[in-house]
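Undergrad: Just dropping this structure here.
The values are calculated or read from the model by the stated rules, or taken from the named source; none is laboratory data. Just so it is clear, the structure is predicted and the values come from calculations on it, not from any experiment. All Cβ positions, glycine included, derive from the backbone under ideal geometry; neighbour counts span all protein chains shown. Keep in mind that these areas ignore ligands, DNA and RNA; they rest on the heavy atoms of the full protein, side chains included. Shrake-Rupley method; radii C 1.70, N 1.55, O 1.52, S 1.80 Å.
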Amino acid sequence: MNKVISIEKFSEYLIDGITLMIGGFMAVGTPEKLIDAVLAKGVKDLTVVCNDAGVPGKGSGKLLAAGVIKKYYASHVGLNPEFGRQMSAGLIEAVLVPQGTLAERIRAGGSGLGGFLTPAGVGTLVEEGKQKITINGKDYLLELPLKGDVALVKAHRADKAGNLVFRKSARNFNPLIATACKYVIVEAEHIEDIGTIDPDQVMLPGIFVDAIVQG
């Protein structure tokens, strides 16, 4: 199956109020072309799950600047002053999550798990509203899975069946979010014929991928 589509076709999956999971780590490994397509569609009231808030004018920072996000899950937001401004002004609901916990919540969502226990955040603001469980004398928080409607993934190489290769640290959250969303679209730097990628080099199997656009 050839999963390569046009950016216009991708826009059909964008509607108000959806949850977007976006790959990247401080805008490294972030699919800029797909983010631009979200902006061009003009959708709003988005929930975004991303490691960070990007930087001004780049990555998910472009969505923040456009004012189209209502709720944001992230672990690191300090590189984008706009996030702090909107949070302080009550324009977005900010859910700050320890980075390892954020990754594991996404993984739990993609694996069909009901949640997991972690000591991260015990005794801090992170534990507010969460169930605390004591095991062998140690306290843990029950963290629930995260899932999304659309995953925006960036890959270095993709074959037309959706098998992906990521480049170095640009891999980051991209493989995780691809498992946890209903629809997964990939912005690939290089699109190749099926069979050109050695199976031992595949970092995310094509079964997780619904569509590919040229980066």
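Undergrad: Considering the dipole of the chain built from charges on the beta carbon (Lys and Arg +1, Asp and Glu -1) around the Cα centre, which of Ile194, Leu63, Ile177 is farthest to its positive end?
TA: My answer, from the dipole projection, is Leu63.
Undergrad: Taking the alpha-carbon set of the range 1-129, what are its Rg and Dmax in Å?
TA: 15.4, 50
Undergrad: Moving on to the next point. Using amide H atoms built 1.01 Å from N in the peptide plane, name the residues 5+ places from Glu187, or on other chains, whose amide H lies under 5 Å from its own.
TA: Here the answer is Val153, Lys154, Ala155, Val213, since their amide H atoms fall under 5 Å of that of Glu187.
Undergrad: For Val55, Val209, give the ranking by accessible area with the largest first, probe 1.4 Å.
TA: Val55, Val209
Undergrad: Now for a different question. For the range 123-132, just list the computed ³J(HN,Hα) in residue order, Karplus coefficients 6.51, -1.76 and 1.60, θ = phi - 60°, integers in Hz, with x standing in for Gly and Pro.
TA: For the range 123-132, the Karplus curve yields x, 10, 4, 4, 7, 4, x, 10, 6, 10 Hz.
Undergrad: While we're here: Quick one, can you get me the convex hull of the C-alpha atoms of the chain expressed as volume per residue in Å³?
TA: Hull volume over Cα atoms, normalised by residue count, gives 122 Å³.
Undergrad: Using a Förster distance of 25 angstrom, determine the FRET efficiency expected from the C-beta separation of Lys130 and Asp45, and round it to 0.05.
TA: 0.45
Undergrad: Using only DSSP helix segments of four residues or longer, with each worth -39500 (n - 2.57), what per-residue ellipticity at 222 nm results for the chain after dividing by its residue count and rounding to 500?
TA: My calculation for the chain gives -6000 deg cm²/dmol from helical runs alone.
Undergrad: Sticking with this structure for a sec: I want the antiparallel fraction of DSSP beta bridges within the chain, as a percent rounded to 5.
TA: Percentage antiparallel, nearest 5: 30.
Undergrad: Between the alpha-carbon centers of the range 67-116 and the range 1-48, tell me the distance in whole angstrom.
TA: 17
Undergrad: Pairing the Cα long axis of helix 32-41 with the longest principal axis of the chain, what angle in degrees results, from 0 to 90 and rounded to the nearest 10?
TA: Rounded to the nearest ten degrees, it is 80.
Undergrad: Still on this structure, please answer the following. About its Cα centre, what dipole magnitude does the chain give when the only charges are +1 on Lys and Arg Cβ and -1 on Asp and Glu Cβ, stated in debye to the nearest 20?
TA: Computed charge dipole of the chain: roughly 240 debye.
Undergrad: Return the inverse of the average 1/r over all pairs of distinct C-alpha atoms in the range 52-122, which is the Kirkwood hydrodynamic radius, in Å to one decimal.
TA: When all Cα pairs of the range 52-122 are included, the Kirkwood radius is 13.1 Å.
Undergrad: Which angle from 0 to 90°, rounded to the nearest 10, does the C-alpha axis of helix 99-111 make with the longest principal axis of the chain?
TA: Relative to the chain, helix 99-111 is tipped by roughly 60 degrees.
Undergrad: Right, another one. Starting from 0.36 nm per residue, how many nanometres of slack lie between Asp139 and Glu93 once their C-alpha separation is accounted for?
TA: Computed gain between Asp139 and Glu93 is 13.8 nm.
Undergrad: Would you mind giving the average projected area, over all directions, of the Cα convex hull of the range 64-181 in nm² with one decimal?
TA: 9.6
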